[in-house]
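Visitor: Input: one structure, supplied below.
The numbers here are math on the coordinates, done by the rules we state, and not lab data. Just so we're clear, the structure is a prediction, and the values are computed from it rather than from any experiment. Cβ atoms come from the backbone with ideal geometry, glycine included; neighbour counts cover every protein chain shown.
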Amino acid sequence: MIETTFARRAFADGQTLAQDFADWTAALLAEAIAARGLALLVVSGGSTPKRYFAELSRRGLDWARVAVTLADERRVADDSPRSNARLVRETLLQGAAARAQFCPLADSRLTPERELAAAATRAAHLNWPADLVVLGMGDDGHTASWFPYAAGLAEAIDPAARALVAAMPAPDGLEPRLTLTGRALLRARALALQIEGPKKAEVLRRACEDGPVEAMPIRAALRGAGDRLTVFQSAA
């Protein structure tokens, strides 16, 4: 077992987790605004964060001083049900939170090369390092669009990566992705990993064991973020 120093917050169910996680996030972002005038929040897609996003949207923040971007995105149209940007707009950027500055990654109307260049330009104008990066984790141990043994993975997960954004292939013939690199994700002031249910708990247990980062890329955060990482975990 690899020695890790991240914190854990355990909950009986996903709704309780979402409420506590939203409170924790709002307090962290408020501190960032008070200290620096702005806050940068990086979030992930998928089904797991929906309740968390809905709870966070209702927290009292100076949302006009918050910038939100994505850890990764599929190369799909904005109105696709598989779009992470659509998920964020429909669940997080509601009510007062609609005043936040949203920086999407993908623009599928462009060629892949122009899309990557445009995403890199938008990302470069954000106020790095991020105040909080919220990660998810797949059953194969991937996070963001860092897939096990993917082409270009070593450069993408490097905290000293040359670029903030990388193009990544997806497994099983799914849509190609854009992902933030280790330079953006692993240098954040704080990171959080949200997982729910026994299946993800088992994946996390395996990720904490000895083994190459390339086999389970979430290990890059578990081993590299130290006490800047907090795992929010629910039993159900």
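Visitor: Please give the contour-minus-distance gain from THR5 to ALA27: 0.36 nm per residue of separation, less the Cα-Cα distance, rounded to one decimal in nm.
Guide: 5.7 nm
Visitor: Given a cut-off of under 8 Å on Cα pairs at least six residues apart, what relative contact order in percent is computed for the range 60-108?
Guide: 52 percent
Visitor: Set the Förster radius R0 to 22 Å, insert the Cβ-Cβ distance between ARG36 and ALA124 as r into 1/(1 + (r/R0)^6), and round the FRET efficiency to 0.05.
Guide: So, using R0 = 22 Å, E works out to roughly 0.75.
Visitor: Once the cut-off is 17 Å, how many percent of the Cα-Cα pairs in the range 102-159 end up in the long-distance tail?
Guide: Distances greater than 17 Å cover 56 percent of the Cα pairs.
Visitor: If you take every residue apart from SER234 with its C-beta less than 13 Å away from the C-beta of SER234, what net charge results, scoring Lys and Arg +1 and Asp and Glu -1?
Guide: Net of charged neighbours comes to +2.
Visitor: Once you keep just the Cα pairs under 8 angstrom separated by 6 or more residues, what percentage relative contact order results for the range 141-236?
Guide: 32 percent
Visitor: Taking the Cα centre of the chain as the origin and placing charges on Cβ (Lys, Arg +1; Asp, Glu -1), which of PRO49, VAL203, GLY173 is farthest toward the positive end of the dipole?
Guide: Working it through, the farthest residue towards the positive pole turns out to be PRO49.
Visitor: Pull out the extension gain between THR16 and ALA236, defined as 0.36 nm times the separation in residues minus the alpha carbon to alpha carbon distance; nm, one decimal.
Guide: Working it through step by step, the gained length comes to 78.2 nm.
Visitor: Counting just the Cα atoms, what span does the range 143-236 cover along each of its three principal axes? Round to the nearest Å and put the largest first.
Guide: The principal-axis extents, from largest down, are 36, 33, 23 Å.
Visitor: 7 Å from Cα along Cα→Cβ at both GLU90 and GLU209: what's the point-to-point distance in nm?
Guide: Result for the modelled spin labels: 3.8 nm.
Visitor: Please label the shape of the range 73-144 as rounded, prolate or oblate, based on the square roots a ≥ b ≥ c of the eigenvalues of the alpha-carbon gyration tensor (a/c under 1.5 means rounded; beyond that, a/b larger than b/c means prolate, else oblate).
Guide: rounded
Visitor: Can you sort ARG206, ARG89 so the residue with the fewest Cβ neighbours within 10 Å comes first?
Guide: Neighbour counts put them in this order, fewest first: ARG206, ARG89.
Visitor: Show the residues, 5+ positions off or on another chain, whose built amide H is closer than 5 Å to the amide H of CYS103.
Guide: Those lying under 5 Å, H to H, from CYS103 are VAL68, THR69.
Visitor: Let me ask you something else. How much mean residue ellipticity at 222 nm does the chain get from its helices, if each DSSP H run of length 4 or more adds -39500 (n - 2.57) and you divide by all residues, to the nearest 500 deg cm²/dmol?
Guide: The per-residue figure over the chain is -9500 deg cm²/dmol.
Visitor: Provide the three semi-axes, in whole Å and in decreasing order, of the ellipsoid equivalent to the chain as defined by the square roots of 5 times the Cα gyration tensor eigenvalues.
Guide: Listed largest to smallest, the semi-axes of the chain are 23, 23, 17 Å.
Visitor: What nm distance separates the two modelled labels at ALA98 and ASP79, each placed 7 Å from Cα along Cα→Cβ?
Guide: Computed distance between label sites ALA98 and ASP79 equals 1.9 nm.
Visitor: Where both residues lie in the range 7-234, what percent of DSSP beta bridges are antiparallel, nearest 5?
Guide: Given both bridge residues lie in the range 7-234, the antiparallel proportion sits at roughly 25 percent.
Visitor: With an 8 Å cut-off on Cα pairs and a minimum separation of 6 or more residues, tell me the relative contact order of the chain in percent.
Guide: Value for the chain: 26 percent.
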